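**Student:** My structure is below; once you've seen it, I'll send some questions.
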Amino acid sequence: MSKMKEVFGNRKAVIVFLTCGDPDLETTAAAVRAAAKNGADLIALGIPFSDPTVEGPEVAAANFRALQGGVTTDRILAFVRRLHRETAVPVMFAAYANVVFSYGIDQFLAASRECGVDGLLLSDLPFEEKEEFLPACRAYGVDLISQIASASQGRIARIAEEAEGFLYIVPSNGQAGREQDTDLDGTVKAVRRHAGVPCVIATDFSEPVRVKEAAELSDGVFIGSAVVRLLEKYGKNAPRYIGEYVKTVRKALASADDAALPAENAFCVSSEGSCQGVFENTL
């Protein structure tokens, strides 16, 4: 069974995104260990794709670096099997629908479950087409993560009501917590009325205090672009800096943890600004 419920406990959840193989899988493993040691509750591992059209420039560049290094889906699956021998932190995949479809939906989900993956976020999967993947996800106990960007109240309700694992929300301007993002609070409130699972938002804030602003809207943060920038800047030395960053984020969220909801009612807002375009076409 999925471990997603364990991610959203009595404190704000910290979800860390990493592109597998950027710059190599050994560095990814070290980054996972550093993030988990310093307070990450869930690791979202991105499977690189050759045509990452819905990604922001930073995550797209990370995809290209990883592919140039020779990473493949099979290597990533083997990597996750080894990773679970070293750390108990829950892991999910973030991928493109074509990656899973080309591999074979059942084969991919079976292999993912076998190596301990608890969730799957398909960046370019429209809500209306999720039924192509949902049966296999349920059969193998992998939560298919739903996504919400700018949408009507009725559409938010439909997506939220059917969400599993947690719900990933992208702010209208792609930057959770920004003052000009006037729709975010309303979106989160609408999600709360309809979802029975936690939910997530996107910002690329490097400053932990700004990440905290996003977390205060609900119950956690999803940090992606800030971590990708550290990998781009420091390469194989990045895990040290990623650990320090996650530790600082966890410390910044300490005061907000007091207001966190119990796991069965928790909602999470994650942050990764470059992802605005990723989820626009899912609605």
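Read the figures in this text as sums done on the coordinates, not as results from a lab. All values derive from a computational prediction rather than experimental measurement. No Cβ is skipped: glycine too gets one built from the backbone with ideal geometry, and neighbour counts run over all protein chains shown.
**Student:** Taking the Cβ of each residue in Glu216, Glu164, Glu244 as the centre, tally the other Cβ atoms inside 10 Å and list the residues starting with the fewest.
**Tutor:** Ordered by Cβ neighbours within 10 Å, fewest first: Glu244, Glu216, Glu164.
**Student:** Also, I was wondering about something else. Shape of the stretch 20-140 from its Cα gyration tensor (a ≥ b ≥ c, root eigenvalues): rounded if a/c is under 1.5, otherwise prolate when a/b > b/c, or oblate?
**Tutor:** Taking the square roots of the gyration eigenvalues as a ≥ b ≥ c, the stretch 20-140 is oblate.
**Student:** For Thr87 and Glu129 in the same chain, what is the full-extension length gain: residue separation times 0.36 nm, less their Cα-Cα distance, in nm?
**Tutor:** On the way: separation 42, 0.36 × 42 = 15.12 nm, distance 3.40 nm.
Separation in residues times 0.36 nm, less the Cα-Cα distance, equals 11.7 nm.
**Student:** For Cys115, Cys20, what's the fewest-to-most ordering of other Cβ within 10 Å of each Cβ?
**Tutor:** Exposure proxy ranking, most exposed first: Cys115, Cys20.
**Student:** Fewest to most neighbouring Cβ within 10 Å: what's the order for Met92, Met4?
**Tutor:** So the ranking, lowest neighbour count to highest, is Met4, Met92.
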